[in-house]
Amino acid sequence: MARRRKNQPTDASFYRAAFRWMGVGIEFCLVIGFFVFGGYWLDKLENTSPGWMILGFFIGFAVMMYIIIKRAKQTEQEFDQESCDDETDQ
């Protein structure tokens, strides 16, 4: 017997937003990895153990937090605009 799932979103915008934020998660990992690798390279170059690598992690984390907050505000504005458009259509 097939069971119908309750509360399963059928709107395409739900999936679009979910994939957008999954992409942000992947980007988060890549950017932090890039900065950590850069710090690792500087540590090897200057023969300083974890200093630059730790600094690279925090710089990468700060950059990605800035990008995430910026994108969240943009997504919120898009959602508000779509809500206003839906209200005017009714």
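Bear in mind these aren't lab numbers, they're just calculated from the coordinates by the rules spelled out. In this text the structure is predicted, and so the values were computed from the model without any measurement. Counting neighbours? That spans all protein chains shown, and the Cβs are built from the backbone with ideal geometry, glycine included.
Dipole check for the stretch 20-83: with +1 at the C-beta of Lys and Arg, -1 at the C-beta of Asp and Glu, and the Cα centre as origin, the magnitude is about 140 Debye.
Of 62, 52, 35, which is farthest along the charge dipole of the stretch 20-83 in the positive direction, counting Lys and Arg as +1 and Asp and Glu as -1 at C-beta? Most positive-ward Cα: 52. Sorting the segments 41-50, 23-32 by their mean number of nearby beta carbons within 10 angstrom, highest to lowest, gives 23-32, 41-50.
Phi-derived couplings, Karplus 6.51 cos²θ - 1.76 cosθ + 1.60 at θ = phi - 60°, listed residue by residue for the stretch 41-47: 5, 5, 4, 5, 5, 9, 6 Hz, with x used for Gly and Pro.
Using the alpha-carbon positions of the stretch 21-90, Rg (one decimal) and Dmax (whole number) come out as 18.6, 67 Å.
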